[in-house]
Amino acid sequence: MEKVVSLCKRRGFIFAGSDIYGGLSNTWDYGPYGVELKNNLKRAWWQSVVYERNDIYGMDAAILMHPKVWEASGHVENFFDLKSDCKQCKKRFKDADLSDKKKCPECGGELTEARAFNLMFKTHQGPVEDAQNVVYLRPETAQGIFVNFANLLDARHPKLPFGIAQIGKSFRNEITPGNFTFRTREFEQMELEYFVRPEKSEEAYAYWVNERFNWYLRLGLKKENLKQRPHDKTELAHYALACTDVEYNFPFGWSELEGIANRTDFDLKQHAQASGKDLQYFDDQAKERFYPYIIEPSGGVDRSVLAFIVDAYTEEKVKDEIRVVLKLHKTLAPTKVAVLPLLRNRPEIVELAKSIAADLKKNIITVYDDTGAIGKLYRRQDEVGTLYCVTVDVQSLEDKQVTVRDRDTMQQERIGIDQLKQYLLTKLS
Ligand code: GAP
């Protein structure tokens, strides 16, 4: 884990938030490679969940919602952890993490009785800070979908089963954030709410557990590092009938990447009751009006990014040296191609390399780098997972060919400059 954290900082994937002020604990900023990886991951999710299907619609709801949403959803009443404070060192602990409920695990001081601590961030809308103006930062994106259920029915007239997908920020005032970006107070979720007839919910639940598990495999996570863990009845959230986690074998142990839950008709019924709006689905063939059940695959963007980096991180021995290479799937790799001049003091080579890079950039995420010797440039690109390095050398000026090096095999091939873009596009497709 330390190696991954260090690589993330050194190469510009993830920086500590507000670093120059000593950092704001457990906040993280994504740098140039991190933002590309994160965007590629979100795009891959959207591609498989929205674009490749006919039954799922995308949306993007506001983070701030009417406070009644969180009363109806049960979050005001049920979304809390039990916490204890140390009377001596004032540190705060999640009750579930304490083996001895009386003694501080850090300083041995006396702990307070466990008290409920609501995880929602509270703020005020507008200039007046009173109880009338309280709003919450959403702790899940899902509610933005539920409150738009009737709007979507009116706008698109979908037939069951159908889904609504959304990617966005969520906030939870976690008592014990940690493990780098794994548990933070601000994070992004990729959530799908899939509406089905109640009698079809078990079948749809099994389908989505499988489908989501396989999505991680398709994007290259190693099978031995991924598992499904069905929840015991005692761990289920207040709205869930069943839930299975997709877990990844992080260096700190098996931990949740995504939860797939059967939320039943809980949310739609709650919002219908609290808002007075009809949120039932009308089946015009069966002439039936009812509340659909909801199957919800809910994944964390930041956790997935971390899992993909950890899984891709590889150290290989090459000629008595250790090569660090990030073997990310081609869909996720932040940069696909790097163009490198072999001799940076030869203007004709530099000029040719720059013009090749400029042309590739129109179709492929490409970087140009001439800031070091070739060995160093290769190492740098390997560490950030660049799939192909294109080297321009003296011979390129004459034979109009370049050397293309494959990140994983390190094999090199001479390719004509006029064939290069098509060659790379084929490899990357
Ligand atoms: N709408 C259902 C829901 O929010 P959840 O299991 O609480 O369910 C879903 O969260 C996913 O969101 C988790 O599997 C995880 O990937 C991500 N997530 C939840 N809390 C997080 C946190 N504090 N930091 C980072 N990711 C988090």
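Worth pointing out:
- Förster radius 35 Å - calculated FRET efficiency between Arg346 and Lys169 (Cβ-Cβ, nearest 0.05): 0.15
- Taking the Cα centre of segment 335-428 as origin and assigning +1 to Lys and Arg Cβ atoms and -1 to Asp and Glu Cβ atoms, the resulting dipole is close to 260 debye.
- Rounded accessible area of Arg10 (nearest 10 Å², 1.4 Å probe): 130
- Among Ala338, Phe195, Ala72 the positive-end extreme of the charge dipole of the chain (Cβ point charges): Ala338
- Label-to-label distance, Leu152 versus Lys317, with points set 7 angstrom from Cα along the beta-carbon direction: 5.4 nm.
- In this label model, Ser275 and Asp359 are separated by 5.5 nm, measuring between points 7 Å along each Cα→Cβ vector.
- Projecting the Cα positions of Gly126, Gly144, Cys104 onto the charge dipole of segment 44-154 (unit charges on Cβ atoms of Lys, Arg, Asp and Glu, taken about the Cα centre) puts Cys104 furthest along the positive direction.
- Accessible surface of the chain, 1.4 Å probe: 49 percent of it comes from carbon and sulfur atoms.
- Taking all protein chains into account, the per residue accessible area for segment 1-109 stands at 59 Å² (1.4 Å probe).
- Lys, Arg +1 and Asp, Glu -1 on Cβ, resulting dipole of the chain about Cα centre, debye, nearest 20: 760
- Cβ charges +1 (Lys, Arg) and -1 (Asp, Glu), total dipole of segment 59-121, debye: 300
- Helix axis angle, 374-384 relative to the chain longest principal axis, alpha carbon, degrees: 10
- Between Ala131 and Tyr207, full extension at 0.36 nm per residue minus the direct alpha carbon distance yields a gain of 23.0 nm.
- Calculated accessible area for segment 335-428 comes out at 48 Å² per residue, all protein chains present (probe 1.4 Å; ligands, DNA, RNA ignored).
- Arg92 accessible area, 1.4 Å probe, all protein chains in place, Å² to nearest 10: 110
- Val35 accessible area, assembled protein chains, probe 1.4 Å, Å²: 60
- His231 versus Lys327: modelled label distance in nm, points set 7 Å from Cα along the beta carbon direction: 3.5
The values are calculated or read from the model by the stated rules, or taken from the named source; none is laboratory data. Everything numeric in this text was worked out from a predicted model, so none of it was measured. Virtual Cβ from ideal backbone geometry, glycine too; neighbours counted across all protein chains shown. Side chains are part of the model used for accessible areas, which takes the heavy atoms of the whole protein and leaves out ligands, DNA and RNA. Shrake-Rupley method; radii C 1.70, N 1.55, O 1.52, S 1.80 Å.
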